[in-house]
Structures are given as C-alpha cells and as structure tokens.
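Worksheet for the structure shown next.
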Amino acid sequence: QVQVAESGGGLVQPGGSLRLSCAASGSIFSLYVMGWYRQAPGKQRELVAIITVGGSTNYADSVKGRFTISRDNAKATVYLQMNSLKSEDTAVYYCKAARGQFASWGQGTQVTVSS
C-alpha cells in the first residue's frame with residue numbers, strides 16, 4: 001500500500017505563499033485519490049482540497065480562489081499551492097491517499113501565518 005510524506009511547511013507572513021508537497025511511495029500513485037487536510041489547535045481536522053484519479057478537484061469554501069491542488073503522477077507527488085495566506089490558515093497540514101476502503105496519512109507539516 002502507498003505511504004505518503006509531506007514537506008514544504010513553514011512560517012509565512014499574511015498575504016504570502018507556500019507550496020506543500022506530498023510524496024508517495026510503495027504503490028501505484030495514479031490509482032489513489034489524494035487530499036490535503038488541516039487541523040488547527042483546538043479544532044477538528046478538515047478537508048482543504050481533493051484531487052481525483054482523473055484530475056477533478058474540489059476545495060473547501062474557505063480556500064477557494066487561493067489554494068490550488070495538483071498532482072504529478074510521474075513524480076508520485078501531489079502539491080498544494082497556497083496563495084494570499086491568512087492567519088486562519090495556520091494549522092498542521094496533512095496529506096491523505098485513498099483507494100477504496102484504504103487510506104494512508106502522512107505525519108503532517110506545520111504552516112504558520114503570522115507577521
């Protein structure tokens with residue numbers, strides 16, 4: 001089964017940009033639906049964006065127009081481009097690979113938006 005690992009988090013000022021990466025290994029990446037989730041302190045984990053096997057995307061209302069999810073099947077990697085970041089985007093961001101009833105989560109990467 002696939003394993004995933006996130007990278008690219010950090011500290012950024014409001015209005016800035018970051019690109020998160022999620023590298024997959026261990027299985028056929030192109031067969032998996034990939035998603036980005038986030039969890040802020042004291043809050044439940046929430047869906048940020050998802051990209052299907054066919055490349056269709058869906059976003060949380062709070063990030064529409066600011067975040068873009070994409071995948072590179074040749075590199076077995078999914079990306080989350082985050083623009084116009086706000087303080088409320090501060091969270092640990094997790095990558096998830098899903099196929100049928102199977103799901104694999106990464107360890108998460110911290111994104112902090114602060115001046």
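The values are calculated or read from the model by the stated rules, or taken from the named source; none is laboratory data. Being a predicted model, the structure only gives us computed values, none of them experimental. When we count neighbours, we look across all protein chains shown, and the Cβ atoms used for this are built from the backbone with ideal geometry, even at glycine. Accessible surface is based on the protein model in full, side chains and every heavy atom, while ligands, DNA and RNA are left aside. Shrake-Rupley method; radii C 1.70, N 1.55, O 1.52, S 1.80 Å.
Overview of values
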quantity: Of all accessible heavy-atom area on region 45-115, the percent that carbon and sulfur account for (1.4 Å); calculated: 43 percent
quantity: DSSP bridge pairs, the chain: antiparallel proportion in percent, nearest 5; calculated: 95 percent
quantity: Relative packing of peptides 90-97, 105-112, 77-84, 56-63 - highest average C-beta neighbours within 10 Å first; calculated: 90-97, 77-84, 105-112, 56-63
quantity: Residue-normalised accessible area of the chain, expressed per residue, 1.4 Å probe, Å²; calculated: 52 Å²
quantity: Gap separating the Cα centres of region 4-18 and region 29-67, nearest whole Å; calculated: 15 Å
quantity: Solvent-accessible ranking of GLU6, GLU88, largest area first, probe 1.4 Å; calculated: GLU88, GLU6
